[in-house]
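K.L.:
Quick one: the structure is below, questions incoming.
The values are calculated or read from the model by the stated rules, or taken from the named source; none is laboratory data. Just so you know, these numbers come straight off a predicted model, no measurement behind them. Cβ placement follows ideal geometry from the backbone for every residue including glycine, while neighbour counts extend to all protein chains displayed.
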Amino acid sequence: MSLRDELFKKFGTKFQSSFSDKGSLVFPEDFSFPLDSEETTLYQDFFFQLKDEFRFHMLIDICYEDVSGERFLYYQFLNLEVYFCLQVTVPIGNSNYFPSLSSLWKSSEVFESDIVKHHELFLSDGRKTQQRQVLASANNKINQDEIIPLPEYQIPLRPTESQRQRYWKRFGPHSSPFNGKVRVDLLISEERVFDSRLVPGLYFRDFEKKCLTKDPFNMIFFFERLCIKDCVFAPLLWVETIEQSFSIPLPDKAKAIRMVWMELARVEGHLTFLWELAQELGFFVEASVFAELLEQVYHLFNIYSGKTQNFSLFTFGGMKKESPIGWGTECLEAAKYIYKVIEEVEREFNRNPRWMEVTKGFPMSAGKALEYGFTGPNLRACGVNFDTRKTQPTYFYDDVDFEVPLGIDGTTYDRFLVRLEELKQSLRIINQVLDHLPAGKVINKEHLMYESLYDEGSSDLSYNFEGRTCPYREGTSFSSIEATEGQLGLFIRTAPSGLKKLHVRSPSLVHSGAFSELIRGGELSGVFTAFQSLNLDPWEMDR
Amino acid sequence: MKTHENRLGPRKSFWGGPAGLSFYSLNSMNFLERLKSWSQSELLSPFVLGANCCARELYRLSGPNPQVGSIRENFIESEPIESCDVLVVSGIINEQIRPYIIEAYERMLSPRYVLAVGTCTATGAVFDTMAIDKILPVDVYVGGCPPTLDSLINGLELLRERIRKGTIRQVELKEGALGES
């Protein structure tokens, strides 16, 4: 009996359910919040069973929506054994309170505090209400004119000597380690860290709400500015979700070239990570080597699109531009060169005793990483074999030969090594795809959606802005893509009149939840190494 | 002092100043002032505030790109922020980051210059946010979303040239003048 049937047998009678492609469960409407004592136990029992019996060990995302007074929470769960994604919808009526799941899944803390920050909601157990007062005002917007003060350290009644000397100190955004990026408050004594707080919201720009006012074509350019390290994956995710909902077929060549772009972006993202890590730890010679390789990748981007980032290349149904003549051979040559240099650099690093000493700290066990909802190379460094390119292959990932590198302890060194190996595998994929590049067009213009959009006969894709209609399907969907940092997800609810709700699952936000526990008890000098090794992106985190 | 004021007329403020400011200041510079401004323009230390696409393009300036050329000799990063001359602001400006930008500007010592990089900072047009000219006096704007490497280099060289010619006059701000919107 498959997991799907078991779930249907257990909950199918009471809940509204649909198990067609991805599972979804909707709570019955009798649930009214705040819950009675009987209902609370039923509610907790349900989620406990999900985790314990049905082995949904990962909570991927929580999304909140207010539909003219009626409020909904959408939970996304994942079973890693059979790769089954389940969406649970909880209507909470008019209530200002919603229940917390942090006792079962630790990753829910990040999502819940994100909801509390930006909306007029409280957690039913009363945690984090203080944080809300600091960050949000009545009209759903962050309003802050003064610098957020440091928290006060309360000395316990019978303090030890180290407890007496502890104090809070602010690092960043304009002090040496976090140059203009992020603010971290640390509780320190004698160069040791005992507690920390990552202050979010410095780059909050209300991305999700402003998306709703945009046209689906304009959204591609908007999504390119979602995260700085993944300017290929975020627009591709948006394009893919629209292609799925309108069922637009793709030509083979477009699929292959998109794969090359994704892997090039992964190479570029990992090279930036390696460059930043080497530079901050004082390995300037190696850093300059990585910077030189980066310029090679930028050169490839520049030939195709004329830009080094925010390419505006992807559209619904394929690519905007045909690949220029000779681009493939240049790619192959660059891949060969990068592979050779990376192998040499890896040998140098492994021989260097100082490098091994600096990067040996900050371990993370596999169980904890799953609890915190880690994805991507950070999860694979802990030894969990999870890659959506293998479990849910899109494009030609099924036909391509590549491996998923895994770490052992989840230390900084493992995170470094996994990324280095992944970079090599990406180069392997690029080689294989470009060797067997299919012939044909790169865009499918024959679909109905394009009839009113594109001028017929013109070679370039100049389209009419008038008379553009996109009838959406009614319903919700959650789609995700394996980006450089982890799983980048997108939740949308659509109605025939247009897009109603959009929510982005950013991997950096999830990884930031574990930052506090990762550096606790460590040395002050290692804080930046840990921050850098998690590869957090504040621009994407705040949205 | 009185004769000086009589000859040139009352000095106008920087904001509502005359159009021919550069000509006026060039003539009024003596040898020592010219030497001082030249020496300032030869070595500048920028401080980059921002973590967006523009910042990523800015970090390419320290890379091995042959386009960058001699600009690397004139702009050298230094820490802490008190020893920096140029505040490079990139990224959006919301109410959260505004007090930190003002704090960074106040911590820098005079003479200090401000370079605004990217459309988000200059106009706030991309995400409908605040523009920087409501907070700080800006010396040079660099446009683009994100700006190319060439336009960044041009912007930095323009700033250097304007410092050398003495066309940038340091504004003495009153207390509480910053951050009025």
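K.L.:
Can you tell me which of (1) assigned to a helix (DSSP H, G or I); (2) not assigned by TED's automatic domain parsing to the domain that holds A:Gln487 is the one A:Asp195 doesn't meet?
P.N.:
Status for A:Asp195: all satisfied but (1).
K.L.:
May I ask you to verify whether A:Ala265 is surrounded by fewer than 23 Cβ atoms within 10 Å (Cβ to Cβ) and either outside any loop (DSSP other than H, G, I, E, B) or of a type outside the set (A, V, I, L, M) (or both)?
P.N.:
no
K.L.:
How many residues are outside any helix (DSSP H, G or I), farther than 24 Å from A:His119 by Cβ and either within 10 Å of chain B (Cβ to nearest Cβ) or at pLDDT 85 or above (or both) if we restrict to the range A:208-247?
P.N.:
4
K.L.:
Out of the residues in the range B:44-54 meeting the condition of being facing chain A (nearest Cβ under 7 Å) and not in a strand (DSSP E or B), tell me which one is surrounded by the most Cβ atoms within 10 Å (Cβ to Cβ).
P.N.:
Within the range B:44-54, the match that is surrounded by the most Cβ atoms within 10 Å (Cβ to Cβ) is B:Gly50.
K.L.:
From the list B:Leu61, B:Leu26, which residue is modelled with pLDDT of 75 or more and outside any loop (DSSP other than H, G, I, E, B)?
P.N.:
Checking each option against the conditions leaves just B:Leu61.
K.L.:
Take the conditions modelled with pLDDT of 75 or more, surrounded by fewer than 17 Cβ atoms within 10 Å (Cβ to Cβ), within 14 Å of another protein chain (Cβ to nearest Cβ) and under 30 Å from A:Ala278 (Cα atoms) and apply them to A:Arg192. Does it pass?
P.N.:
Answer is no for this residue.
K.L.:
How many residues are surrounded by fewer than 19 Cβ atoms within 10 Å (Cβ to Cβ) and more than 18 Å from the chain's Cα centre (by Cα) when one looks only at the range A:103-122?
P.N.:
Selection size over the range A:103-122: 6.
K.L.:
A follow-up question, please. For the structure I just gave you, tell me whether B:Gln67 is crowded, with 19+ Cβ neighbours inside 10 Å and part of a loop (DSSP other than H, G, I, E, B).
P.N.:
Against the criterion (crowded, with 19+ Cβ neighbours inside 10 Å and part of a loop (DSSP other than H, G, I, E, B)), B:Gln67 does not qualify.
K.L.:
Something else: Can you name the residue in the range A:372-389 that is charged (D, E, K, R) and in contact with a strand residue (DSSP E or B) (Cβ under 9 Å, 6 or more places away or on another chain) and is also surrounded by the most Cβ atoms within 10 Å (Cβ to Cβ) among such residues?
P.N.:
A:Asp387
K.L.:
So which residues in the range A:196-207 are within 11 Å of chain B (Cβ to nearest Cβ) and closer than 21 Å to A:Leu534 by Cβ, if there are any at all?
P.N.:
A:Val199, A:Pro200, A:Gly201, A:Leu202, A:Tyr203, A:Phe204
K.L.:
Exactly one condition in (1) surrounded by 15 or more Cβ atoms within 10 Å (Cβ to Cβ); (2) in a loop (DSSP other than H, G, I, E, B); (3) within 7 Å of chain A (Cβ to nearest Cβ) is not met by B:Ala104; state its number.
P.N.:
Just one mismatch for B:Ala104, condition (2).
K.L.:
Please pick out the residue among A:Asp45, A:Asp21 that is modelled with pLDDT under 85 and in a loop (DSSP other than H, G, I, E, B).
P.N.:
Result: A:Asp21 is the single residue among A:Asp45, A:Asp21 that is modelled with pLDDT under 85 and in a loop (DSSP other than H, G, I, E, B).
K.L.:
While we're here: Please specify each residue of the range A:353-368 satisfying the condition of being surrounded by fewer than 24 Cβ atoms within 10 Å (Cβ to Cβ) and touching a residue at least 24 places away in the same chain (Cβ under 8 Å).
P.N.:
Answer for the range A:353-368, where residues must be surrounded by fewer than 24 Cβ atoms within 10 Å (Cβ to Cβ) and touching a residue at least 24 places away in the same chain (Cβ under 8 Å): A:Trp355, A:Met356, A:Val358, A:Thr359, A:Lys360, A:Gly361, A:Phe362, A:Pro363, A:Ser365, A:Ala366, A:Lys368.
K.L.:
What is the residue count in the range B:111-162 for residues that are assigned to a strand (DSSP E or B), in contact (Cβ under 8 Å) with a residue 40 or more places away in the chain and away from chain A (no Cβ under 14 Å)?
P.N.:
The qualifying residues number 1.
K.L.:
B:Pro147: modelled with pLDDT of 90 or more, out of contact with any Pro (no Cβ under 7 Å at 6 or more places or on another chain) and not small (Gly, Ala, Ser), yes or no?
P.N.:
Yes.
K.L.:
Hey, among the residues in the range B:70-92 that are more than 10 Å from chain A (Cβ to nearest Cβ) and assigned to a loop (DSSP other than H, G, I, E, B), which one's surrounded by the most Cβ atoms within 10 Å (Cβ to Cβ)?
P.N.:
Checking each candidate, the answer is B:Asp85.
K.L.:
Across the range A:289-346, what is the total count of residues that are part of a helix (DSSP H, G or I) and within 14 Å of chain B (Cβ to nearest Cβ)?
P.N.:
Counting residues in the range A:289-346 that are part of a helix (DSSP H, G or I) and within 14 Å of chain B (Cβ to nearest Cβ) gives 15.
K.L.:
Name every residue in the range A:101-118 that is among the small types (Gly, Ala, Ser), out of contact with any Ser or Thr (no Cβ under 6 Å at 6 or more places or on another chain) and not in a loop (DSSP other than H, G, I, E, B), in order of residue number.
P.N.:
A:Ser113
K.L.:
Right, here's the next one. Among the residues in the range B:29-43, are any within 14 Å of chain A (Cβ to nearest Cβ), crowded, with 19+ Cβ neighbours inside 10 Å, of a type outside the set (A, V, I, L, M) and over 16 Å from B:Asn154 (Cβ atoms)?
P.N.:
There is no residue in the range B:29-43 that is within 14 Å of chain A (Cβ to nearest Cβ), crowded, with 19+ Cβ neighbours inside 10 Å, of a type outside the set (A, V, I, L, M) and over 16 Å from B:Asn154 (Cβ atoms).
K.L.:
Quick check on my filter: what residues within the range A:364-392 are over 18 Å from A:Ser512 (Cβ atoms) and either over 18 Å from the mean Cα position of the chain (by Cα) or charged (D, E, K, R) (or both)?
P.N.:
A:Ser365, A:Ala366, A:Gly367, A:Arg380, A:Gly383, A:Asp387, A:Arg389, A:Lys390
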